[in-house]
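J.: Could you have a look at this structure, given as structure tokens, before my questions?
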Amino acid sequence: KILTMTIEAAAKNRERFPLKLFGFVITTQLLATWVGLAAAPIMTSAKTVAPPMISVGCRLFAQSRLVHSLQNQVMETNPELHMNVSLLIHDNLCAPLDSMIASHMAATGAATGVNGCG
């Protein structure tokens, strides 16, 4: 009975999915398997590249025009407030992020080399 059901399902797949490659019917399951196999090396590379990219992105954000514009707004509206927005972002966002990335990379055995921002 199971064999009959399998044969019927295969026949329905051939009718439902007319896409063929080298004589094989490409089903949704087969296509999903191919996509998963293709994505595996990309995900491995992304795990290695992402932490340093996040750190660099934080540094770039701390030195961005948006932060400089925010600094100018602070200085214009309240000059006696002596606040450095870039340093504030570094101390409260980039530095904790860098230490978290470094500890994660050390725990996973990856090479460290994450620079602090600022």
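The values are calculated or read from the model by the stated rules, or taken from the named source; none is laboratory data. Just so you know, these numbers come straight off a predicted model, no measurement behind them. Here the Cβ positions follow ideal geometry from the backbone for every residue, glycine too, while neighbour counts run over all protein chains shown. What goes into the accessible areas is simple: the full protein's heavy atoms, side chains included, and nothing from ligands, DNA or RNA. Shrake-Rupley method; radii C 1.70, N 1.55, O 1.52, S 1.80 Å.
J.: List the number of the failed condition for Ala102; all other conditions in (1) in contact with a helix residue (DSSP H, G or I) (Cβ under 8 Å, 6 or more places away or on another chain); (2) without any contact (Cβ under 8 Å) to a residue 24 or more places away in the chain hold.
T.: Of the numbered conditions (1) in contact with a helix residue (DSSP H, G or I) (Cβ under 8 Å, 6 or more places away or on another chain); (2) without any contact (Cβ under 8 Å) to a residue 24 or more places away in the chain, the odd one out for Ala102 is (1).
J.: Further question: Take the residues in the stretch 61-90 that are outside any helix (DSSP H, G or I) and more than 28 Å from Ala102 (Cβ to Cβ), then tell me which one is least open to solvent (accessible area, probe 1.4 Å). Walk me through how you get there before you give the answer.
T.: Restricting attention to the stretch 61-90, the residues satisfying the condition of being outside any helix (DSSP H, G or I) are 63-64, 78, 82-84.
Cutting the leftovers down to more than 28 Å from Ala102 (Cβ to Cβ) gives us 78, 82.
Working: Asn78: 53, His82: 169 Å².
Among those residues, the one meeting the criterion is Asn78.
J.: Taking the stretch 19-60 as the search range and keeping residues that are touching a Leu at 6+ places or on another chain (Cβ under 8 Å) and part of a helix (DSSP H, G or I), which one is most open to solvent (accessible area, probe 1.4 Å)?
T.: Only one residue tops the list, namely Ile54.
J.: Arg59: among the charged types (D, E, K, R), free of Cβ contacts under 8 Å to residues at least 12 places away in the same chain and under 30 Å from Cys94 (Cα atoms), yes or no?
T.: Working: among the charged types (D, E, K, R): yes; free of Cβ contacts under 8 Å to residues at least 12 places away in the same chain: no; under 30 Å from Cys94 (Cα atoms): yes.
In short, no.
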